[in-house]
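The values are calculated or read from the model by the stated rules, or taken from the named source; none is laboratory data. Bear in mind the structure is a predicted one, so any value in this text is a computation, not a measurement. As a convention, Cβ positions derive from the backbone with ideal geometry for all residues, glycine included, and neighbour counts pool all protein chains shown.
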Amino acid sequence: MRLRRIAVILACSGALCLSAIGEGIRIAAASNLQFVMPALVDAFRAEYPEAKVSVSHAASGNLVAQIRHGAPFDLLMAADTHYPQALIESGHAESQSLFVFAHGILVLWPQPQEQSTWQEILADSKLNRLAIAHPEIAPYGQAAQSFLKHHGLWENLRSRIVTGENAAQTLQFVQSGNADVGFVAASLLVSLPDSRPGIEFDLGEAALPHGAVRLTKSKRGTAADRFLTWLAEDEAVEILRDNGYRVP
Amino acid sequence: MPTLITSTWLLSPPLWEALWLTLKLAGVTTLLLGVLGLPLARWLNATRTRFAPVIEALVTLPIVLPPTVIGFYLLVAFSPQHPPGSWWVALTGGPLSFTFTGLVIASVIYSLPFAVQPFQAALRAIPEELIDASRASGATAWRTFWRVHLPLARRGIGAGLTLGFAHTLGEFGVVLMIGGSIPGETRVASIALYDEVQKLNYASAHAFAGVLLVISFVLLVVVAILQRRSRV
């Protein structure tokens with residue numbers, strides 16, 4: 001009797017799980033997208049009320065490893081084009097679906113006084129810790145590193161640089177006071193209650209491309225494609241621009 | 001084991017550096033666990049204070065707490081902008097976050113129960129009469145500790161130290177949150193492995209994971225041998 005009840009419960013929960021998998025698109029998204037995704041998903045669902053979307057955030061490298069080992073995602077939205085490209089090469093993503101939906105903006109934050117320039121901030125002898133994202137892993141870190149190298153500051157600052165695993169952790173190091181300033185993502189500053197200003201950098205048209213790609217194993221190809229198409233439309237572009245991204 | 005030999009060859013110098021740093025961190029932590037943990041274990045066994053359960057629970061907390069909780073609190077505590085982080089800066093001139101010293105403090109907290117619990121069990125197993133006899137013959141508490149407690153509990157103490165060492169090797173979440181992945185300072189083996197996966201360098205990630213697996217396994221075999229012997 002008891003066994004039967006357990007079996008019924010198990011069957012029901014199994015059915016629930018299946019129905020959850022059966023509906024909606026699953027998006028794997030880079031951690032710097034965590035504040036813009038709810039707005040994007042809401043706007044998308046306002047247009048397509050029948051669509052269900054769930055978003056999982058993690059570091060892009062982890063997402064790639066998970067997708068290669070069968071994670072049930074339909075789309076990958078990364079903070080660069082290198083990770084989607086890697087999935088295309090290993091046959092886990094559709095090459096023709098790859099497109100750059102936005103560009104990130106690198107910000108030196110916080111700016112201690114309104115008039116201080118980034119040169120002054122980085123040359124300050126009181127600068128103890130400069131936080132950047134890990135240059136070999138995180139696109140914002142790579143952008144910060146090449147900016148510092150380009151201006152001949154890398155060697156000089158190197159011993160004072162601490163690296164966060166991703167854009168979000170880098171900001172967290174600065175916000176908690178463990179680093180004095182940091183090169184962070186504009187998209188993360190937008191939702192921060194802390195309203196201290198920062199200095200935005202223009203790194204050129206092609207800097208910090210964010211690529212989205214549809215995954216080969218996707219079982220909801222049509223819905224996923226619809227989301228990708230919508231992502232290039234005016235409404236999505238406006239949301240992205242409001243949230244610290246550049247869309248040319 | 002040809003796979004292990006080929007895989008160790010694949011380890012690049014930065015990864016060797018990370019492995020060495022991990023062993024150094026585990027070594028220093030284990031030393032401190034012995035120095036702090038043994039008196040603590042002995043005191044916990046002997047004390048009759050009403051607060052003993054509270055203190056025992058505090059020491060045991062790291063077994064239960066997610067490493068992210070410890071990491072988050074330490075990140076806040078280490079911040080040089082307010083105490084206690086600011087006191088440390090005033091005292092030493094540098095902050096604790098993103099430093100080897102900071103990792104040592106974190107590791108001692110994180111691994112404390114893994115050392116103290118075997119210590120407590122080993123010390124508790126010593127017959128009371130032997131301690132009474134030692135004290136009755138005029139030995140001080142300190143001398144009794146060195147001449148009676150330590151020799152009789154040495155296997156349990158060895159197991160506690162080995163577990164503390166092994167647990168520090170396995171540290172990841174705490175270091176991820178307060179370390180900042182600085183080569184030679186805070187980029188320990190588990191973080192270096194994580195970084196390799198992020199870089200999609202699966203070959204060197206495999207090599208590194210293999211080496212860590214073998215080291216951890218050998219350590220646990222040592223613990224098992226020590227514990228079996230202490231049962232006899």
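Quick notes
- Test: residue in the range A:180-199 that is closer than 18 Å to A:Gln34 by Cα, surrounded by fewer than 18 Cβ atoms within 10 Å (Cβ to Cβ), more than 19 Å from the chain's Cα centre (by Cα) and not hydrophobic (A, V, I, L, M, F, W, C): yes
- Positions within the range A:75-118 being small (Gly, Ala, Ser) and in a helix (DSSP H, G or I), in sequence order: A:Ala86, A:Ser95, A:Ser97
- Helices (runs of 4 or more DSSP H) completely within the range B:59-125 that count 3 or more residues being within 14 Å of chain A (Cβ to nearest Cβ), at negative phi and without any contact (Cβ under 8 Å) to a residue 60 or more places away in the chain: B:67-78, B:85-92
- Total residues in the range B:148-205 satisfying the condition of being part of a loop (DSSP other than H, G, I, E, B) and acidic (Asp, Glu): the figure is 2.
- So A:Tyr83, is it under 26 Å from A:Asn178 (Cβ atoms) and surrounded by 18 or more Cβ atoms within 10 Å (Cβ to Cβ): no
- Residue check for B:Phe51: within 14 Å of chain A (Cβ to nearest Cβ), more than 25 Å from B:Leu152 (Cα to Cα) and over 16 Å from the mean Cα position of the chain (by Cα): no
- Counting only residues that are within 11 Å of chain A (Cβ to nearest Cβ) and either touching a strand residue (DSSP E or B) at 6+ places or on another chain (Cβ under 9 Å) or buried (at least 20 other Cβ atoms within 10 Å of the Cβ) (or both), the range B:198-222 holds 2 of them.
- Qualifying residue in the range A:61-72 (condition: away from chain B (no Cβ under 14 Å) and within 25 Å of A:Ala207 (Cβ to Cβ)): no
- The range A:134-150, residues that are buried (at least 18 other Cβ atoms within 10 Å of the Cβ) and either within 12 Å of another protein chain (Cβ to nearest Cβ) or in contact (Cβ under 8 Å) with a residue 40 or more places away in the chain (or both): A:His134, A:Pro135, A:Ile137, A:Ala138, A:Pro139, A:Tyr140, A:Gly141, A:Gln142, A:Ala143, A:Phe147
- Residue in the range A:151-168 that is acidic (Asp, Glu), under 30 Å from B:Pro14 (Cα atoms) and away from chain B (no Cβ under 14 Å) present: yes
- Taken over the range B:39-58, residues that are assigned to a loop (DSSP other than H, G, I, E, B) and of a type in the set (Phe, Trp, Tyr) amount to 1.
- Reported count of residues in the range A:151-168, each being buried (at least 22 other Cβ atoms within 10 Å of the Cβ), at pLDDT 90 or above and among the polar types (S, T, N, Q), is 1.
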